[in-house]
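Every read-out reported here was derived from the displayed coordinates using simple, explicitly stated rules and does not represent laboratory data. Computed from a prediction, not measured in an experiment: that's the story for all the values here. Here the Cβ positions follow ideal geometry from the backbone for every residue, glycine too, while neighbour counts run over all protein chains shown.
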Amino acid sequence: MNQHAQKAAEFIRNESRTDWHDEALWFIRSKRDKAAHGIPEWEELRELASQVKSHVLSKLDQYLEQFEARAIQNGVQVHWAADAEEHNRIVHSILKRHQVQHLVKSKSMLTEECHLNDYLIERGIEVVDTDLGERIIQLKGEPPSHIVMPAIHLKKEEVGELFHEKLHTEKGATDPKYLTEAARQHLRQKFLTAQAAITGVNFAIAETGGVVVCTNEGNADMGVHLAPVQIHCMGIEKIIPKAEHLGIFTRLLARSATGQPITIYTSHYHRPKTGGAMHVVIVDNGRTAQLGREDFRNSLKCIRCGACMNTCPIYRRSGGHSYGYTVPGPIGSILTPGLDLKKYSGLPFASTLCGSCSDVCPVKINIHEQLYRWRQVIAEQGHLPAAKRQSMKWAGRVLSRPGWYNFFGKIGRWAIRRLPRPFLYNRFNEWGKDRELPEPPRQSFKEWYRENKRL
Amino acid sequence: MKVGLFIPCYIDQFYPQVAIASLELLEKLGCQVAYPFRQTCCGQPMANTGCEQDAVATYHHFVELFHAFDYIVAPSGSCVYHVRKHYDIIEQTEAVKRVRENTLDLSEFLLDVLKVESLDSSFPYKVGLHQSCHGLRGLRLGTGSERVLEKDSKLQALLRLVKGIELVELSRADECCGFGGTFAINEPAISVKMGKDRIADHESKGVEVLTAGDMSCLMHLESIIRRQQKNIKVKHIAEILNGVQP
């Protein structure tokens, strides 16, 4: 059994908790539906967003250079990182140069991807995540389980317990308002003493050299406005050509993510504040390789709204941690095989190929088709379990030969009808653990047809 | 008009009544239906597992048997989707192109080709329609709940032609049942949980008969219904349209 299947089975063992998780995410999906249906031109907007992204991906080098040139003109220092290691080194060297000991971060999946926190903490820098969900999982010492709602897997009682231990809130307190207020007071201190602020980037505008960060808590602004040094870390795919294209994406992003018309804050950063420094770190970390894979290129259109997770019937019932990567769910399952095919070879199979992810995606990434294609690559490169590989070879032989097909069909039906139950229902029969086998008829349709249509 | 009936492998072996209902229904509606006797499978089991090269011989076999028909009709959105979508890895000869263009799900054939406007069957039961994913999102037999388009469903339209039927509205209109081919065996825990959740939705709406355009979804759901001894019957839409009573 692959790793996702194992972790999913563990998650499901607590069925009422699974139901709670499923319902919580389905609620978000329903809110998204309502918000999307409020925009009559929704499908047109998705198409437009998808085309803008296609265009950008086809000229990514040019737009990145244009962005860099404009940003430099604005007084921004631009850095390029080929991989996670280089990204972390660059960020650390900036912090060192500015003698930063205390750092606040707003949500950034890229820095999670690069494991920046651990890197900096090991080097003696205090890193505080300021997005509430991120702070919760940071205090708990866990990775995010969702890219928009990183602590969605935790119940308020668990957060209450955690805050009691770490922030000394009242024991047994579960009121979200009370707990949020406690986090707010705690974070305020951190904002006031931070010497640098790191944010992710939702959109980087080539035309202006500015970056745009969308948050609901205003924590990106709090960090950036108070700290003298601001660092924005972005993947190379975050570029959009012009400011006029931004509206397409902001209209789609929050509606797809949480069902809000727009995030509470849409923050634009163009130049360093007086006496301050602004850095942008542009990161590849496998993205160019993905860009070079024609079948999988579209995965780089992702704007990290998380809608594919909220709609995925498997994600909702297995939790984000079952995927073993920063970006879980359907989009994670098409991004990860490009990073390490062997390690993540189970993820493209963590899907029924139901296609809901592709239809909910605001930039129309053909996620389920890419899952299908990754499966082919995984088999070709020899990463399927041997038993499965062999059984498919045999299935291919039997199903292309009518005589064999009829013969094995008849035997199979006979076996299910006649064999004693323990022969059919045992540890080798994954189907039969919680399901009955079909009740086979005496006659197949073919046999019936031969008899009744006198062939 | 030459119509070739394609009966997917698992229907042939386990659910001949669905094939018989499809055949009878088409004949009742005046079609001359041929059933190529050497047919087997569309090749989807291998391909969805990542082994589409192992399915190539099956693809060629399918094309050889069916290319001479004007229409190839199957009571399975999933298999039809596979032929139309994934027979792109073999050489696109005239025969292959013809087969890919003319393979239709039963509901498409009834509504788009035969333009059926009435049926003389009756089915006085509370029915829950499971929208099988490959039909819904692959063949676009209806508007998925994700999409902001006018609501439409070929399967619902056909069921509405049946007298006495009461179609219930589900809390989750088109969530996957959890079958997913080999997924059902690779990820049994989630697969079963998804099935249980779908059944619970139908059960809470008082559904007496659960139907779908794909017998594979129903096979999965029925296997759980039987294990849990629930009081819901399962019928393929072809059986209901043909007036087969539960």
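Among A:A182, A:I248, A:H383, which residue has its Cα furthest toward the positive end of the charge dipole of chain A, with +1 on Lys/Arg Cβ and -1 on Asp/Glu Cβ?
A:H383
If amide H atoms are built 1.01 Å from N in the plane of the peptide, which residues on other chains or at least 5 residues away come under 5 Å of the amide H of A:F203?
A:V212
Using a cut-off of under 11 Å, list every residue of the range B:185-212 whose amide N is near the label point 7 Å from the Cα of B:Q245 along the Cα-to-beta-carbon line.
No residue qualifies, since no backbone N sits under 11 Å from the label point.
Based on DSSP, what percent of beta bridges with both residues in chain A are antiparallel, to the nearest 5?
Percentage antiparallel, nearest 5: 25.
Summing -39500 (n - 2.57) over the DSSP H runs of n ≥ 4 in chain B and dividing by its residue number, what mean residue ellipticity at 222 nm do you reach, to the nearest 500 deg cm²/dmol?
The per-residue figure over chain B is -11500 deg cm²/dmol.
Please work out the Cα center distance from the range A:202-278 to the range A:384-455, rounded to the nearest Å.
A separation of 57 Å, based on Cα centres.
Please compute the modelled spin-label separation between A:R389 and A:E47, points set 7 Å along Cα→Cβ, answer in nm with one decimal.
Distance between label points: 4.4 nm.
Identify, among A:F428, B:S145, A:V91, the residue whose Cα sits farthest towards the positive end of the charge dipole of the protein assembly as shown, taking +1 on the Cβ of Lys and Arg and -1 on the Cβ of Asp and Glu, with the dipole about the Cα centre.
A:F428
Which of A:E439, B:E239 comes first, and how do the rest follow, when ranked by fewest Cβ neighbours within 10 Å?
A:E439, B:E239
Between B:I185 and B:Q228, how high is the FRET efficiency from 1/(1 + (r/R0)^6) when r is the Cβ-Cβ distance and R₀ = 25 Å? Nearest 0.05.
0.85
Please give, to one decimal in nm, the separation of the simple spin-label points placed at A:E451 and B:A34, each 7 Å out from Cα toward the Cβ.
According to this spin-label approximation, the distance is 2.6 nm.
For A:K7, A:K388, A:K393, A:K171, what's the fewest-to-most ordering of other Cβ within 10 Å of each Cβ?
The most exposed by this proxy come first: A:K171, A:K393, A:K388, A:K7.
Charges only on Cβ, +1 for Lys and Arg, -1 for Asp and Glu: so what's the dipole of the range A:386-452 about the Cα centre, in debye to the nearest 20?
280
What is the dipole size for chain A, taken about its Cα centre, with +1 at each Lys and Arg Cβ and -1 at each Asp and Glu Cβ, in debye to the nearest 20?
Charge dipole of chain A: 2000 debye, to the nearest 20.
Determine the alpha carbon to alpha carbon distance for each of A:K7/B:K233; A:K7/A:K155; B:K97/B:K151; A:K393/B:K97 and list only those over 23 Å.
Flagged as over cut-off: A:K7/B:K233; B:K97/B:K151; A:K393/B:K97.
Going by the alpha-carbon gyration tensor, a ≥ b ≥ c the square roots of its eigenvalues, is chain B rounded (a/c under 1.5) or, if a/c is not under 1.5, prolate (a/b greater than b/c) versus oblate?
Oblate.
Just to verify a number: FRET efficiency for A:Y178 and B:E150, C-beta to C-beta distance, R0 = 41 Å, to 0.05?
0.35
Can you sort B:K193, A:K166, A:K364 by how many other beta carbons sit within 10 Å, fewest first?
Neighbour counts put them in this order, fewest first: A:K166, A:K364, B:K193.
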